[in-house]
Amino acid sequence: MKLRAHRFKQNALEALANPVLQASMKKAKGKFVDKRAIAIKEIDDFEATREAAKEIRNRVIENLDLWLEKFEQAAAARGAHVLWAKDGAEICRLVVDIGRKHGVKKAVKSKSMLSEEAGLNLALEAAGIQPVETDLGEYILQINDNEPPSHIIAPVVHKSLDEVADLFQKTHHTPRKTDIPQLTREAREVLRQHFLSAEMGISGGNFLIAETGSVALVTNEGNGRMVTTLPRVHVVITGIEKVIPTLEDLATLMRLLPRSATGQSISNYVSVLTGTKAEGESDGPEHLYFILVDNGRAEVVGSEFQDMLRCIRCGACMNHCPVYQTIGGQAYGWVYPGPMGSVLTPLYTGLENAIDLPHAATLCNQCGVVCPVKIPLPDLLRKLREKQVERHLRPWFERLAFRLWAWVASRPALYGLGTRFAVRYLKWLADGKGSIPRLGLAPEWTRGRNFPTPEGRTFRELYAQRGRA
Amino acid sequence: MKVALFVTCLVDLMRPRIGFAAIELLEAAGCEVVVPASQTCCGQPAWNSGDRAAAALLAKKFIAEFEGFEYVVAPSGSCADHVRSEYPAILQDEPDWQARAVALASRVYELTDFLVNVAKLDNVPGSFAGRITYHDSCTGLRSLGIKAQPRALLAKLPDVELQEMNGAEECCGFGGTFSVKFGEISAAIAERKCANACATGAAAIVGGDLGCLLNIEGKLRRMGDESTQVLHIAEVLTAK
């Protein structure tokens, strides 16, 4: 996926000015937030489960190499090939090679964020392999000229029913319909042909299970099962951090993942896929490949950002983020939006390429509260800001402003004098009114709201006077 | 008991009357209030913007000013939490200072938390009459657990009717420097907060952090609402 994170501000403004997106986001927020609140009440020991999940993820990440090795051995023992990719380009090369080796002309795809990281669809097309997205949301985006997703589990959450209706009419050459079941049926009919004719299935993986060499897929549409069991070849692409030790660990994490993500007790489908088709089995792939991807992850291991690798991609942080709720996911400019994306994008693509993202949060900590694996997202965002300052990546006037403020604020007499003048100036500027509509000192503030007028004297002045009186 | 008041820079500059209201409340609870004259800013804006050096400079200044007191109280959950939760991290490379930060941390309180849980204020001197709605500021709420305290105090005023808004716990979009880095996004979030607050029909939106209140007030006025008051809880709880 093309990186547009450096345009965050501009992207956000476009999102604010888009009424369809605004209406869709409003609707989505209520759904995700309210449903999660109900679903987490179903487990009595929710907090203890969160703690357990955090421990499972930490246990893996602290010894990632060992668990990956274990996974590799177990997967190979069941007939799978385990390949390693260091970046997106390597993912593309490996998948294209696999496709060529097996004479693949068409690949059906279930949701995979790694495939977005790699821009895999373009690479497949260039190699003469037709990629077909089969997750309904991803399919809608693909037929809309490969539009980027706006949410990691609800990629078209920003779109309206009318937009989808128009798109289907144009693409499928069918009469326009706005009934959701009918639209879904239409997509199913189109996709069914692809499932039956594709030689290769490409999926992501929610978890890799080290003890059995399996991949676990958590989905709500049947497409995931079709993609992974119908074609002769199945390619799983996941980040190296997705491994967990045991099936029992999977059970713990599965208590949290759907509840945090969609507010479901359990998703419609949970598939645990192990090995290639055995003799006498009617479905499953003849060839199974795992592509385990670094793409910036290995560098995070052992760093002060390691907590981020616990992420299980539920999307709760974005669903509850006031900023995400206001601008949607595409504004963040890469694969991962919201608070988790504001940490991951700079880490995986470079601090200098996502200069605004660590700042694109009010640090309200709602993301930290809802994260099922207790990632301290606000702390990580703040640490990224610190790294940016250290590397002089922030604008000079911003860095100067905080230095200057600290310099003045550490000199009480100077501070007292400066603030006396400042509040008088502001009071004069307000010209008797309760608030100032336009303030040159804080242009960003007054773009969307007034600046309230100060009382006109500072507390320290008044207190000193009162003391004398 | 002897209490040092940390006025906060926003109160100092924008709404001194909140500082005086805090003094009145603390005195009503039987405290002897001291206001260290050299205090300025706790350094939170610098820390949240990634400037560790500036944050450390102001943290040390704050510690030196306030560590001699039994209690330190601030009319702001966000500033109180900054001292409590962040100072030890800010000063992690200077063990002596870090130890002093840790020693101070547990004695720093947000105003309503202190009034309810430490000073156990009984008689609230306020005289506010009418319907209000309460905005729970993020840091106070999620970091210091401030939710019941302001409501318990408001309940002591017989003529105040508290009407909860939808999303009282949702961020107002202020976020300190967020509001001046991303003005439009911040204002759009504030608009949602104002709409929820106004839907209660309240005459006043009340909160415990001036940053949020300035944000909400600025948005209300831009929306053309000149009548809804935006007040700090200390103002409501006193006769100011």
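Bear in mind these aren't lab numbers, they're just calculated from the coordinates by the rules spelled out. This is a predicted model, so every value here is computed, not measured. Using ideal geometry, Cβ is built from the backbone for each residue, glycine included, and neighbour counts are taken over all protein chains shown.
Numbers for the structure displayed
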quantity	calculated
Cross-link table A:K41/A:K374; A:K35/A:K170; A:K9/A:K29; A:K41/B:K193, entries beyond 24 Å C-alpha to C-alpha	A:K35/A:K170; A:K41/B:K193
Mean-position separation - Cα centroids, segment A:232-272 and segment A:101-142, in angstrom	21 Å
Chain A: Cys lacking any partner C-beta under 4.7 angstrom	A:C92, A:C311, A:C314, A:C321, A:C371
Per-selection Kirkwood Rh - segment B:162-201 (Cα, Å, 1 d.p.)	10.5 Å
Spacing of the two label points (7 Å from each Cα toward its C-beta) at A:A127 and A:L400, in nm	5.1 nm
Reach of B:K147 by Cα under 14 Å, taken over aspartates and glutamates that are not fewer than 8 positions away in the same chain	B:E110, B:D113, B:D136, B:E164, B:E169, B:E170, B:D209
Helix B:95-105 axis, angle to chain B major axis (alpha carbon atoms, nearest 10°)	40 degrees
Backbone N under 20 Å from the A:D179 label point (7 Å along Cα→Cβ), restricted to segment A:139-169	A:161-169
Reachable lysines, given that their alpha-carbon falls under 18 Å from the alpha-carbon of A:K70 and they are not under 8 places away in the same chain	A:K242
Alpha-carbon gyration tensor eigenvalues x 5, square-rooted, for segment A:112-233, Å	25, 16, 15
Dipole of segment A:133-186, positive end: most advanced residue of A:P175, A:V156, A:N146 [Cβ charges, Cα centre]	A:P175
As computed over the protein assembly as shown, the Cα convex hull volume per residue (Å³)	160 Å³
A:S197-A:K2 FRET efficiency (beta carbon distance; Förster radius 35 Å; 0.05 resolution)	0.75
Potential lengthening between A:L13 and A:D97 on full extension [0.36 nm per residue; Cα-Cα distance subtracted]	26.1 nm
Straight-distance crosslink candidates among lysines, where the alpha carbon sits under 19 Å from A:K427 and sequence neighbours closer than 8 are dropped	B:K219
Sites A:K31 and A:R59 - FRET efficiency at Förster radius 35 Å, r taken between beta-carbons, to 0.05	0.55
Peptides ranked, highest mean first, by Cβ atoms within 10 Å: ranges B:4-10, B:143-149, B:33-39	B:4-10, B:143-149, B:33-39
Sequence-separation-based contact order of segment B:1-85, relative, with Cα cut under 8 Å and 6+ spacing, percent	42 percent
Between segment B:113-167 and segment A:276-344, the Cα center-to-center distance that results, in Å	41 Å
Beta bridges per DSSP with both ends in the protein assembly as shown, % antiparallel, nearest 5	20 percent
Virtual spin-label span in nm between A:E455 and A:E69, 7 Å along Cα→Cβ	6.8 nm
Inverse mean reciprocal Cα-Cα distance (Kirkwood Rh) of segment B:1-131, Å	15.1 Å
Computed E for A:L441/B:A64 - FRET, C-beta separation, R0 45 angstrom, nearest 0.05	0.90
10 Å-binned pair-distance histogram of segment A:1-154 (Cα, whole percent)	8, 23, 29, 28, 11, 0
Antiparallel bridge percentage (DSSP; both residues within segment A:118-274; nearest 5)	55 percent
Compactness of segment A:318-382 - radius of gyration and Dmax, Cα, Å	10.6, 29
Simple Cβ-charge dipole of chain A, Lys/Arg +1 and Asp/Glu -1, about Cα centre, in debye nearest 20	2320 debye
Scattering curve values for segment A:247-323, log₁₀ I(q)/I(0), Debye with Cα scatterers, q = 0.12, 0.24 Å⁻¹	-0.58, -1.14
Share of alpha-carbon pairs per 10 Å distance bin for segment A:128-177, given as whole %	26, 54, 19, 1
Helix A:88-101 axis, angle to chain A major axis (alpha carbon atoms, nearest 10°)	10 degrees
Rounded tilt (10° steps) of B:183-198 against the dominant C-alpha axis of chain B	50 degrees
Estimated inter-spin distance, A:K86 and B:V34, nm [label 7 Å along Cα→Cβ]	6.1 nm
Percent breakdown of C-alpha pair distances by 5 Å bin, ordered from the shortest bin, for segment B:94-240	2, 9, 18, 20, 18, 13, 9, 6, 3, 1, 0
Per-residue average of Cβ from other chains inside 10 Å of A:384-392	3
Gain upon complete extension [A:R424, A:V369; 0.36 nm per residue less C-alpha separation]	15.7 nm
Helical contribution to [θ] at 222 nm, DSSP H n ≥ 4, -39,500 (n - 2.57), averaged over chain A, rounded to 500	-15500 deg cm²/dmol
Rh by Kirkwood over Cα pairs, then Stokes-Einstein D for segment A:354-446 at 0.890 mPa s and 25 °C, µm²/s	149 µm²/s
